[in-house]
Amino acid sequence: MKVDVLLGLQWGDEGKGKLVDALTGDYDIIARFQGGPNAGHTLEFNNQKHVLHTIPSGIFHSDKLNLIGNGLVIDPVVFKREVDRLSGFGLDIHHNLFISKKSHLILPTHRLLDAAYETSKGNSKIGSTLKGIGPAYTDKTGREGLRIGDILEDSFLERYKCLRDQHLSKIRQFDFPFDLQPLEDEWLAAIDFIRSFKFVNGEYLVNEWLKAGRRILAEGAQGSMLDIDFGSYPFVTSSNTTCAGACTGLGIAPGHIGNVIGIFKAYCTRVGSGPFPTELLEETGELLRTTGREYGSTTGRPRRCGWLDLVALRYTVMLNGVTSLIMTKADVLSGFDTLRVATAYKIHDKVTTEIPFDTETRVEPVFTDLPGWAEDISNLKDKNSLPENLKGYIRFIEEYLQVPVTVVSVGPDREATIYMT
Ligand code: GDP
Ligand code: IMO
Ligand code: MG
């Protein structure tokens, strides 16, 4: 058995939550491999909308197992809120959720540090979600971090206080007012709460599942253009969002990776700072934002919108070894006479299809124009009924990327999913 991986190919928010949920029927286990509460994965079914941050998107299928892998950073406060909300829908997830002992904890002071660093950056802000992600991963790689498994040790509270005090001395170097006490009280209560879940050696479990022939889908967070190594550094997140992150974030050997399912929006969005060559700053961008309801699932911030960028997509298809593609939000493009897709970049009058090293480089997209479609496609169920120009749009993408589009999503609901094969 091999592990299939589903990950975002753009700047996040491609629709991973919706599609993982829609595909969960084909798997026994859903395993998140990186990121933390910076993620906001939206699922819709039975006219209800759910947003998950830490918990894998297979959780609504009570007969399936879900694993939070070692690659994550977990804020127990956010986790508790998620679990409470699920309880409100009558879901008890104690039986089908496992948490790797090696996943790292986000402390209240990580959140404060995130905010203090961002505030100090002024105009060169990353646009962080301020969930403490950067500082928590910094402690992980700096070998100072606290892990989920540490909660079970007698020395936990002492170690917590020691790390907290280190953080406090850093925060005090900034002109940043804060009140730690209420945050700490809430966090310690949430630590007690998370204890009631199954802490596991995730890497052993996942490999036992594989040996037993269980079908596993690894769920990514963020998108490849936000990868710490390959994204538009420093305007990135602090983990490897690419396929390699599934190996390190779950404990799977590379040879055990099966299909790599890359998901992308039919256009582009980005929330936060950093380069975005195809960004539309005028009314077309506003139209995409309004029609596509492009506001952050975690922070509510308006997302920047632009045309599809095939140069960036070819880059992330290459980095991930994508074997099949899912295109979402095709319905949002209905009604445009012409659709533009970037097929190259012009940099200092030279045409290239490579992403430049320097995020300051002025990049002018070279567009190919394709005919749009007028029909509302949000109720379509069958691939044969898709408008001809949408089929042409998909064909163009497949030819450029040399990877088949196997699923087209035409609405936020689980059911608004068209299988192309
Ligand atoms: P994720 O982070 O990749 O899981 O994506 P988000 O949930 O942050 O953002 C995707 C948004 O688009 C959510 O509001 C989804 O409900 C919605 N969505 C997903 N697929 C489609 C689609 O095909 N059409 C439309 N109109 N909305 C979609
Ligand atoms: P999902 O999983 C979109 C962006 C932030 C910021 C940068 C760094 O829902 O697709 P961080 O909080 O990680 O330090 O922020 O990355 N970012 C996301 N953008 N979707 C996400 O997750 C994101 N997670 C982080 O906006 O620009
Ligand atoms: Mg999201």
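The values are calculated or read from the model by the stated rules, or taken from the named source; none is laboratory data. Not measured: the values here are computed from a predicted model. Every residue, glycine among them, receives a Cβ derived from its backbone with ideal geometry; neighbour counts consider all protein chains shown. All accessible areas refer to the heavy atoms of the entire protein, side chains included, with ligands and DNA or RNA removed. Shrake-Rupley method; radii C 1.70, N 1.55, O 1.52, S 1.80 Å.
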Within the chain, excluding any chymotrypsin sites (Phe, Trp or Tyr not before Pro) found in a DSSP loop (not H, G, I, E or B) and having at most 12 other Cβ atoms within 10 Å, the longest uninterrupted segment runs 90-356
In debye to the nearest 20, the charge dipole size for the chain, taken about the Cα centre with +1 at each Lys and Arg Cβ and -1 at each Asp and Glu Cβ, equals 580 debye
Keeping the other protein chains in place, figure out the carbon and sulfur percent of the accessible area of the chain, with a 1.4 Å probe. 50 percent
Round to the nearest 10 and give me the degree value, 0 to 90, for the angle of helix 388-401's Cα axis relative to the longest principal axis of the chain. 60 degrees
Using DSSP to call loops (not H, G, I, E or B), can you name the GluC sites (Glu not before Pro) in region 79-162 whose Cβ has at most 12 other Cβ atoms within 10 angstrom? Glu153
Of all trypsin sites (Lys or Arg not before Pro) in region 328-386, the ones in DSSP coil with at most 16 other Cβ atoms within 10 Å are Arg362, Lys381
Past 28 Å, Cα to Cα: identify those pairs from Lys18/Lys198; Lys18/Lys80; Lys80/Lys329; Lys80/Lys161; Lys18/Lys170, in the order given. Lys80/Lys329; Lys18/Lys170
What are the extents of the Cα atoms of region 352-393 along their three principal axes, in Å, largest first? 43, 18, 15
Can you tell me which aspartates and glutamates have their Cα less than 13 Å from the Cα of Lys121? Leave out same-chain residues fewer than eight positions away. Asp175
Residue farthest toward the positive end of the dipole of region 349-421, with Cβ of Lys/Arg at +1 and Asp/Glu at -1: which of Phe357, Val410, Pro371? Val410
Can you tell me the Rg and Dmax of the chain, counting just the alpha carbons, in angstroms? 21.3, 65
At 1.4 Å probe size, with every protein chain present, just tell me what the per residue accessible area of region 77-168 comes to in Å². 46 Å²
Under 17 Å from the Cα of Lys211 - lysines, other chains or at least 8 residues apart: Lys2
For region 85-95, Karplus-derived ³J(HN,Hα) couplings (6.51, -1.76, 1.60; θ = phi - 60°; whole Hz; x for glycine and proline) come out as 5, 5, 4, x, 9, x, 9, 9, 9, 4, 7
Do any trypsin sites (Lys or Arg not before Pro) in region 1-84 lie in a loop, going by DSSP, with at most 15 other beta-carbon atoms within 10 Å of their beta carbon, and if so which? Lys2
